[in-house]
Amino acid sequence: MADDMPKNEPDVTVAHQLETSFRDGPQDQTRNLEIPGSRSARPGMTMQGELPIMTPLEKVNSMKMPFAELKGVTFTEAAKDRVVARMLVRPDLCTLNHTIHGGALMAFADSVGAAATVINLPEDAKGTTTIESKTNFISAAREGMTVIATATPVHRGRRTQVWQTRLETEEGKLVAVVTQTQMVL
């Protein structure tokens, strides 16, 4: 990689400052993050002093989530009470008869619930990990369809958070419901 190319590796200090800045603001969907050391804002961003600030969705999209990227997960909404993402049912995510594999659905929901937890971490938290997940499969999603995951909180405590994620087709057909418990590290 050329020296003039931007690095994709996050700076641990910057990541910690981002999470600290994020948790210090108001607690609604318009709450934003400062980007330490940055001087210019992207279109649509607001400025706080000389620093641009990030929305919760920009924070989620800036997180390095390699497995979510591998599955083709795209986050479309993020707020403290709701995180939404989309995933195309590709052939490599399917099982027999061109239907999505249950493990792909579970992994999709896990990524969305984890992202929701990150934007709700307590001030002193260092991260999160899934400690339990339960999936109810309701119907199939076929190759070529898009599945939409919507995570909402059941419980947000200092040591654990519980999220329920509804997985539906674009037409609104329920595919699965996942309840996961995230440990706050």
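Yes or no, residue by residue, for (1) among the basic types (Lys, Arg); (2) surrounded by fewer than 17 Cβ atoms within 10 Å (Cβ to Cβ); (3) part of a loop (DSSP other than H, G, I, E, B); (4) outside the structural domain of GLU171 (by TED's automatic domain parsing):
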position: ASN97; (1), (2), (3), (4): no, yes, no, no
position: MET106; (1), (2), (3), (4): no, no, no, no
position: ASP110; (1), (2), (3), (4): no, no, no, no
position: GLY113; (1), (2), (3), (4): no, no, no, no
position: LYS126; (1), (2), (3), (4): yes, yes, yes, no
position: ASN136; (1), (2), (3), (4): no, yes, no, no
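Taken as a whole, the structure leaves MET145 outside the set of residues that are of a type outside the set (Val, Ile, Thr) and surrounded by fewer than 17 Cβ atoms within 10 Å (Cβ to Cβ). With respect to the conditions (1) of a type in the set (Lys, Arg); (2) modelled with pLDDT under 95; (3) surrounded by fewer than 20 Cβ atoms within 10 Å (Cβ to Cβ), LYS59 falls short on a single one, namely (3).
For LYS64, the conditions (1) surrounded by 15 or more Cβ atoms within 10 Å (Cβ to Cβ); (2) under 12 Å from the mean Cα position of the chain (by Cα) all hold with the exception of (1).
Those residues that are among the hydroxyl-bearing types (Ser, Thr, Tyr) and over 19 Å from LYS80 (Cβ atoms), I need them from region 158-179; list them, please. Across region 158-179, the qualifying residue is only THR169.
Mind checking whether some residue in region 161-172 is among the acidic types (Asp, Glu) and either in a helix (DSSP H, G or I) or within 13 Å of the chain's Cα centre (by Cα) (or both)? The answer is no; no qualifying residue exists.
The values are calculated or read from the model by the stated rules, or taken from the named source; none is laboratory data. Not measured: the values here are computed from a predicted model. Ideal geometry is used to build each Cβ from the backbone, glycine not excepted, and the neighbour counts take in all protein chains shown.
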